[in-house]
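What follows is a short report on a single structure.
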Amino acid sequence: MNNVIRQHFDVLVVGAGPAGMAAATCAAESGLHVGMVDDNPGIGGQIWRGDTINSATEAKHWAQRLGAAKVDVACGTRVFGHPGTGILLAERGNDVYELKYRKLVLATGARERFLPFPGWTLLNVMGAGGLQALVKSGLPIEGKRVVIAGTGPLLLAVAAYLRHHQANVLMVCEQQSWTSLVRFGVELLRQPQKIRQAISLQGALGGIPFVPNCWPIEAMGRDSLERVVIRRNGKTETIVCDYLACGFHLVPNTEIAELLACEIRNGYVHVDEFQQTSRADVFCAGEPTGIGGLDLSIAEGQIAGYAAAGNKSAAKMLCKTRGKMKRFAGVLDNTFTLRPELRSLPSQTTIVCRCEDVDYSRLSRHTSWRAAKLDTRCGMGPCQGRVCGPATRFLFGWSPDSVRPPIFPTSLANLGALSSQSITEHCEVTGGCA
Amino acid sequence: MSATSRFGSDTLVAEQITVTVNGILVVVADGTTVAVAVLLQGTSCRRSVSGQPRGPLCGMGICFECRVEINGTPHCRSCQIVCESGMEIRAGE
């Protein structure tokens, strides 16, 4: 039987990215006993992954404050269940944590949206953020030929990062049109901080071709990627490369919020001015409340942390800063909408659900996510629809089912460490405990 | 709760770690994840249910494409686990 470790916090923060770090720090500085868990091997989230936590100025600032505030941090720890009010279950290796809290702050970040196209399952075809995460985790990229494709501001940030690490970035393919990007640029001009970021980014890009109206239509190679075919202004072009880094903007990680029955509006966790969700004991900050980037995440994290600690006056002082940044989040969503042509990217035999190898032809016969799931096992593999859910939402307009526990596959031994009643509850609903 | 936060890998350049991937020695910098060790060895992480080779996609523990066996434990997400000296990794099978 595996160990069960029981802990109790005034404030528990899930997610140790910028929003979570800010929330945990502010709650702990308000005098409360604060715990923070994160699935990743270190703190910092994706943006400050790996060594970035020691090099980025803002990252160092928050890491230092977090350490000084004596927040109890557990990385490599994944939340999988919510057996009752005020309790989350998490696992780390063979240990199961029963984490009790008075207030919870969800800072679970976002993931990339992936769209299926022929060859996207080949080795070395990855997410844009995916390749960046691997480089931050030690992957040598010097001299490697990389095509970056998809949509969203992340593509440019990844291009600048990879170039800084001596990658040979051949092209950034942005599916959106110039017209929309220009509108986006005009919005940026309203925000001095964003202008500074844009100017420094342009320098960091150093002449990498940035091509709007352009997207990948096929990745080719035997087992591993050898070349990518792109569509550029109506014509096709083949590029020989080592990596294709491809992501179509971001989708929020709302699974835990949904498990806790927090209200979701338009795909995002709905919060009030204090970052409080529809559940009085649950706060939410950062990307799950709207894709808005680093500065907004930190502002929301601080507000959530202070508010969770009952320090509403401190929270209120930050509301104005957040308001300005929030506007930017709306602009992002409107700018990087997906063009309808991308719905015809997959061929009949293109795999859409990578966990269960379900191809497009088997899915296109169905009229709902649920019907497709029951017939094909689409979305029932270990990722539980985190990849194919957003893809089928775009391709077919399907809405995924409600989230059920465990929200990540966990071992029977870990479930067994809890009460026998929990085992029955969990296994009945998962369609397979990994 | 034992704090395992690495606060980044400030020894990234300093120290080398040796692991095996399918019995072959792979030397990586301290702080490198298992997914990277597997990529450096040149193998896929796993075979899909229909037998296709697969490797990392999301790089952040969401997609489960980078699952490997580590020290006899199957289905470990290699992108979320940092290499430790002597780790025995089985991948691409």
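Annotation for residue A:142 and residue A:371: the two label points, set 7 Å from Cα along the Cα-Cβ direction, are 5.6 nm apart.
Antiparallel beta bridges, as assigned by DSSP with both residues in segment A:114-248, represent about 40 percent of the total such bridges. Bridges between two residues of segment A:1-115, per DSSP, are antiparallel at a rate of about 35%.
Using Stokes-Einstein with the Kirkwood hydrodynamic radius over Cα pairs, what translational diffusion coefficient do you get for segment A:114-248 at 4 °C and a viscosity of 1.567 mPa s, in µm²/s rounded to a whole number? Don't skip to the answer; put the middle values down first.
Working: Rh = 15.1 Å.
Calculated translational D: 86 µm²/s.
If I take all pairs of Cα atoms in segment A:346-396, what percentage of them are more than 12 Å from each other?
So the pairs more than 12 Å apart make up 55 percent of the total in segment A:346-396.
Length gained on full extension, residue A:334 to residue A:313: 4.3 nm, using 0.36 nm per residue less the C-alpha separation. This model, with +1 at the C-beta of Lys and Arg and -1 at the C-beta of Asp and Glu, gives segment A:116-191 a dipole about its Cα centre of some 80 debye.
For the protein assembly as shown, the dipole from Cβ point charges (+1 on Lys and Arg, -1 on Asp and Glu) about the Cα centre works out to 1280 debye, to the nearest 20. 3J(HN,Hα) couplings calculated from phi for segment A:121-128 with the Karplus curve 6.51 cos²θ - 1.76 cosθ + 1.60 (θ = phi - 60°) are, in sequence order, 8, 4, 4, 6, 9, 9, x, 5 Hz; Gly and Pro show x. Eigen-decomposition of the gyration tensor built on the alpha-carbon atoms of segment A:35-139 gives equivalent ellipsoid semi-axes of 28, 21, 12 angstrom, largest listed first. Here the contact order of chain A, divided by its residue count and restricted to Cα pairs under 8 Å and six or more residues apart, works out to 18 percent. List the lysines whose Cα sits under 30 Å from the Cα of residue A:60, skipping any in the same chain fewer than 8 residues away. Once the sequence-local lysines are set aside, what remains near residue A:60 is A:70, A:100, A:103, A:136, A:144, A:194, A:312, A:316, A:320, A:324, A:326. Expressed to the nearest 5 percent, the antiparallel share of DSSP beta bridges inside chain A is 45 percent. Please state the shape class of the protein assembly as shown: rounded when a/c is under 1.5, otherwise prolate if a/b exceeds b/c and oblate if not, all from the C-alpha gyration tensor. Rounded is the answer for the protein assembly as shown, as its axis ratio a/c remains below 1.5.
Straight-line cross-link partners of residue A:373 among the aspartates and glutamates, defined as a Cα under 19 Å from its Cα and at least 8 positions apart when in the same chain: A:255, A:356, A:357, A:359, A:401, A:428. Computed per residue of chain A from DSSP H runs no shorter than four, each worth -39500 (n - 2.57), the mean residue ellipticity at 222 nm is -10500 deg cm²/dmol.
Given the peptides A:349-358, A:144-153, A:404-413, arrange them by the average over their residues of other C-beta atoms within 10 Å, most packed first. Walk me through the intermediate numbers first.
Values: A:349-358: 21.8, A:144-153: 23.8, A:404-413: 18.4.
Highest-to-lowest ranking by the protection proxy: A:144-153, A:349-358, A:404-413.
Dipole orientation for chain A: of the candidates A:270, A:398, A:198, A:198 has the Cα lying most toward the positive pole (charges on Cβ; Lys, Arg +1; Asp, Glu -1).
Using only Cα atoms, what Kirkwood radius does segment B:16-90 have, in angstroms?
Final number for the Kirkwood radius of segment B:16-90 is 12.0 Å.
Cut-off 19 Å, label point 7 angstrom out along Cα-to-Cβ of residue A:273: give me the residues of segment A:298-314 whose amide nitrogen falls inside. Residues A:299-314 qualify, since their backbone N sits under 19 Å from the label point.
Just so you know, all these numbers are worked out from the coordinates, no wet-lab data involved. It should be emphasised that the depicted structure is a prediction, and the values quoted were computed from it without experimental measurement. Cβ atoms come from the backbone with ideal geometry, glycine included; neighbour counts cover every protein chain shown.
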